[in-house]
Amino acid sequence: MSVLKAIVRLLLVATLAALTPLHAAETNTLARIGAQLEQHAVIRAEFTQRKQMAAMKRPLLTSGRLVLSRQHGVLWQIEQPLRISYVLGEERIVEIGADGARRERGVRDVPGLAQVSRVFRAMLGADSAALREQFDAAAHGDPAQWEIILTPRNAQLAQFLTRLQLSGGRFVSDISIVEAGGDTTQINFHHTQGSNALSDTELQLFGVDQTPSAKPAGTR
Amino acid sequence: MNALRLRAGLWLLLALGVLIAGATQFAGGRVRLQTNLLALLPPTERNPLAEQAVTRLADAAGDRVVFLIGQRSPSAAAAAARQFAQQLRQSGIFRQVVAEIPAFDPKQLTALYQPYRFNLLSEEDRVELSSGQVDLAGRLQRKLYAPFRFGLALAVADDPFGLADDWLASLPLKNLRLAPQDGLLVTRGAGQSWVFVSAELPGSAYESAIQRQVGQAVAQAESAVHDLDREASVLRSGTVFYAAAARASAEREVDLIGAGSLIGMLALLYLVFRSLRPLALGLLSVGFGIAAALVATVWVFGQIHLITLVFGASLIGEAIDYAVQYFAAHLGAGADWEAQAGLRRIAPGLTLALATSLLGYGALLLAPFPALSQIAWFALVGLSAAWLSVFLLLPALLASPNRRDPQTAVALPQHLLRWWQTHLTRRRCVALAALLLVLAAPGWLQLQGNDDVRLLVARPPALVAQEEQIRELTGMGNSSQFFLIDGNTAEALLANAEKLAGRLDALVAQGELTGYQSLSTFVPSAQRQVQNRALWLQKVFADPAELRRVLADAGLRDEIADQQLASFDAAQNSRLTLADWLQAPISTPYRHLWLGPNENGFAAVVLPQGVRDVTRLGDAAASLADVTLVDKAGNVSRLFRSYRQWGAGWLLAALALVYGLLCLRYGPRQGAVVLTPTLLAIALALGVLGYLKAPLTLFNMMGLMLVLGVGVNYAIFLREGGVRAAATLAGVLLSAGTTLLSFGLLAFSSMPALAGFGLTLLIGVGIAVLLAPMVLSFSAQENA
């Protein structure tokens, strides 16, 4: 089971828990981590993902590239063992096959998808405010070297997920997901870089109309 | 004298009877002010089941109120919404207040469908599986590698190819823009986060007690939210708010029109007669008329609709006419007055006038339309009672001659009359008539019909704007059309719904619809389930060796293929039934689609959403035997249109009838003369309506019928006045003044139907009275 699949499930589950205040110090740490990631309009990284599933004889290994644009959303490009890309935007989700064929879906058509987009970005960008809507968060370390452990806030969520763990420094470097059924997923990010703007190829994948007069620049 | 006393005694008895009847009705709690628009509309559906479904859906929707609480910050919006809901709950009025949504358990959904997964296929997959070979390996890869799932998903071991996932994703669980977040339903828009709160009324939205309590509770909750957070805003929508607003504005209008007519009438009466006695007698006669009308209406209809009440207030101006004629005769006679002789002299005119009015309203009484027949009945009884008062009561109470000098009292009308007689010769009258018709003609060409059912409701713009905004933010439709599906058995019903669904899918693809809710999208018919299973067998399980190879190649454990094959065989005879689905908790939000058993079998509704063109819906239902498109609003509009056309025909027939009556008394030539001013008034009123760009509605046609009824009266009174013409003209002017005042006030009603009705009368009666003296030009010269 993939990272996001777990999260989609979580999001489909309505939470009943009331907001529980974090310790001031932790709130502070989380806010600072979020702030340093927010400096960049675009973040690019390479990822390797290792999924351990009960149904599989051996772990499923995937690698590829991630582009996180604060303006346009997330581009998740799997390069190994097959080529397939996913664009997760505010309004729609696009699956792009190896042959370039696009399968689009409006996020409004599918329950919970709009929030997936927000939380997925929140997770990759360590946006604590968005994550705390669904999870209890515990933070350790300082902005140079930190770790956040997220646990679902109610039993409904806990049916699917035991723990979500993010760690990193300037950027998120590792994500670990432990599902209630025992499946686990580890994602490692490397060669992460901040940038101001998307390349033309990336804009094209995001489905952004590139007219010379109105070439979208990165925010801030 | 004795005869007079006897009559007055009879009147007293009648008045006492009306009083007692009214008191018993009131004490028995039977005087219900009805504010429900549906109660006014005629049955439009040939199929009684459809009419029943309309009422049921309207009730279900009417008992609910919906709020959106907005704030820029999502957490502040959530806090404000919780506070709002808490306040509503504390008021103790609502049967239920929902803000926190019950946890939606996806396992309930997957548990319901998983055992039947080999009978289920999404429409897209059904097409894919039936059209060719399926790329099972590709589907498995997509399931394994997708970083996220499009909605609910089964485990890889249970659904390796994502076919069941696709079925779950195709369920229309999410036609709204609302999404669960932190235990609340939230949507975003206009730079704010909006939280959805709904509440269920303890009874009908049309009950005044409920309207008042709900209004108070909502106002309190709103102020509590504002105390908590100045920036939070509250949007509301619900039948109860419209009904309360309609009631409040109707009550305001009854007060305004009633008080305005009364005060104006009394002032005019005093101005002309300079005595308090006509005032008191006029009030008695009108009061008796209105009271009798109220009692008779409640007696016949069991309730009174607020549209009738507002109309009734304006009837005051018309009911006074008979008494005014009597007073005028009294004034004109001066010292020669003798009650019985005087009455005898004006009696034919009064009775003829009543007869013409009764003809006008009588036509409405025959219409199979509760709103019109109630108004007509009210007017018939009210006018007859007012007329009767003149005969029974007035001679006894106004027996002594008038002390005022008739000459000074009628100086102004006398002056007017002379002016008319010197300036308007026959030839000039004809020329004037021709000129007016020429002026009116371009207006006729600009007349445009309007048959919208909303003519009957006052829709406060503030409420409409909030409802629009809520619709925009939540994506909740408000289309009033739906399909009624019949079937001898539940299976037949589902099969019929599937046939319709196929056509509706095509409309969705063309952008004619945004979607629809149908039982068949949650439960396929048994026949469809058998077809689906055949496709699964053919394309997935036909070759177990191939299946094993695909799963093994992707790295799945060997036993998974065996499990799949075993589950498929085990599920061979299991079918998902409508009963299974109805018992599952997840069906709760969709139960309104199911109408249950009836004498012919079973019925259900299919609700289209985001309809662009209703005729396309009609096309979709056409040629499907057990599918009916029910379009109540459309049918009512069509009915309004046919009544409007029928009304035009009736107006012509009524003109002929009235002419017949006039001929009986005046002969064909003078009859035509008496009718002419009214005929001109109707023609000119139509022209003016055209110039004003006022829509021509059924209610304008009703107004024209009354212009006929009332306008002819003036001509009759003047024609009957004879030697005392000046006094009669004073009476006619007075009558017209009171009528114009009350119907003129009606023109400002917030109910478009009544406003149009009032406007038509204002114009028509105004012109009729101005032209009425024409009668004298012709009759005077003929008599001379």
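Where a number appears in this text, it was derived from the coordinates with a stated rule and is not lab data. Computed from a predicted structure; not experimentally measured. For neighbour counting, all protein chains shown are included, and Cβ atoms are generated from backbone atoms with ideal geometry for every residue, glycine included.
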What are the DSSP H helices in chain B that stretch 20 Å or more along their long axis, judged by alpha-carbon atoms, and whose average Kyte-Doolittle hydropathy comes to at least 1.0? B:2-27, B:239-273, B:276-301, B:306-333, B:339-366, B:370-392, B:426-445, B:698-721, B:725-746, B:752-771
If you take each beta carbon of peptide B:124-137 and count the beta carbons of other chains within 10 angstrom, what is the mean? 0
Per-peptide average of other Cβ atoms within 10 Å, ordering B:377-388, B:553-564 highest first: B:377-388, B:553-564
Once B:Ala672 and B:Ala579 are pulled to full extension, the length gained, defined as 0.36 nm per residue separation minus their Cα-Cα distance, is 26.2 nm
The farthest towards the positive end of the charge dipole of the protein assembly as shown, of the residues B:Val381, B:Asn488, B:Ala99, given +1 on Cβ of Lys and Arg and -1 on Cβ of Asp and Glu, is B:Val381
What distance in nm separates the two pseudo spin-label positions at B:Gln645 and B:Gln510, each 7 Å out from Cα along the beta-carbon direction? 2.6 nm
Cα pair distances in the protein assembly as shown, grouped into 10 Å bins until the bin that holds the longest one, percent each: 2, 9, 15, 17, 14, 11, 9, 8, 6, 5, 2, 0, 0
Using alpha carbons only: equivalent-ellipsoid semi-axes of the range B:234-275, gyration tensor based, whole Å: 39, 7, 4
Each residue of A:58-64 has, on average, a number of other protein chain C-beta atoms within 10 Å of its C-beta equal to 2
Quick one: putting +1 on the C-beta of Lys and Arg, -1 on the C-beta of Asp and Glu, what dipole do you get for chain B around its Cα centre, in Debye to the nearest 20? 3320 debye
Between the DSSP loop rule and a limit of at most 16 other Cβ atoms within 10 Å, which GluC sites (Glu not before Pro) in the range B:183-285 are left? B:Glu231
With DSSP loop assignment and no more than 12 other C-beta atoms within 10 Å, the trypsin sites (Lys or Arg not before Pro) in the range B:658-744 are B:Lys693
About the Cα centre of the range B:195-339, what is the dipole size in debye to 20, counting +1 per Lys and Arg Cβ and -1 per Asp and Glu Cβ, all else neutral? 180 debye
Mean other chain Cβ within 10 Å across A:42-54 is 1
May I ask which residue of B:Ala755, B:Pro348, B:Leu283 lies farthest towards the positive end of the charge dipole of chain B, with charges of +1 (Lys, Arg) and -1 (Asp, Glu) on Cβ and the Cα centre as origin? B:Pro348
In which sequence would B:Asp336, B:Asp321, B:Asp125 go, from the one with the fewest C-beta neighbours within 10 Å to the one with the most? B:Asp336, B:Asp125, B:Asp321
List the trypsin sites (Lys or Arg not before Pro) within the range B:158-253 that DSSP assigns to loop and that have no more than 14 neighbouring Cβ atoms inside 10 Å. B:Arg230
Tell me, in nm to one decimal, what length is gained between B:Arg89 and B:Asp59 on full extension, where the rule is 0.36 nm per residue of separation less the Cα-Cα distance? 8.6 nm
Point-to-point label distance, B:Asn2-B:Ala566, nm (Cα→Cβ direction, 7 Å offset): 11.3 nm
Ranked highest first by the average count of other Cβ atoms within 10 Å around their residues, in what order do B:156-166, B:430-440 fall? B:156-166, B:430-440
Please give the charge dipole size of the protein assembly as shown, origin at the Cα centre, charges +1 on K and R Cβ atoms and -1 on D and E Cβ atoms. Round to the nearest 20 debye. 2920 debye
Inter-label distance, nm, simple model (7 Å from Cα along the C-beta direction), B:Ala431/B:Ala39: 5.8 nm
Once Lys and Arg get +1 and Asp and Glu get -1 on their Cβ, which of B:Ala293, B:Ser237, B:Ile257 lies farthest toward the positive end of the dipole of the range B:212-323? B:Ala293
Ascending count of other beta-carbon atoms within 10 Å, so fewest first, for B:Val606, B:Val453, B:Val286: B:Val453, B:Val606, B:Val286
Within-13-Å neighbourhood charge of B:Ala411 [Cβ basis; K, R +1; D, E -1]: +2
Going from the fewest other Cβ atoms within 10 Å to the most, one would list B:Arg345, A:Arg102 as A:Arg102, B:Arg345
Gain in length, B:Tyr270 to B:Glu338, computed as 0.36 nm per residue apart minus the alpha-carbon separation, to one decimal in nm? 22.3 nm
Restricted to pairs 8 or more residues apart or on different chains, the lysines in the protein assembly as shown with C-alpha atoms under 21 Å apart form a number of pairs equal to 10
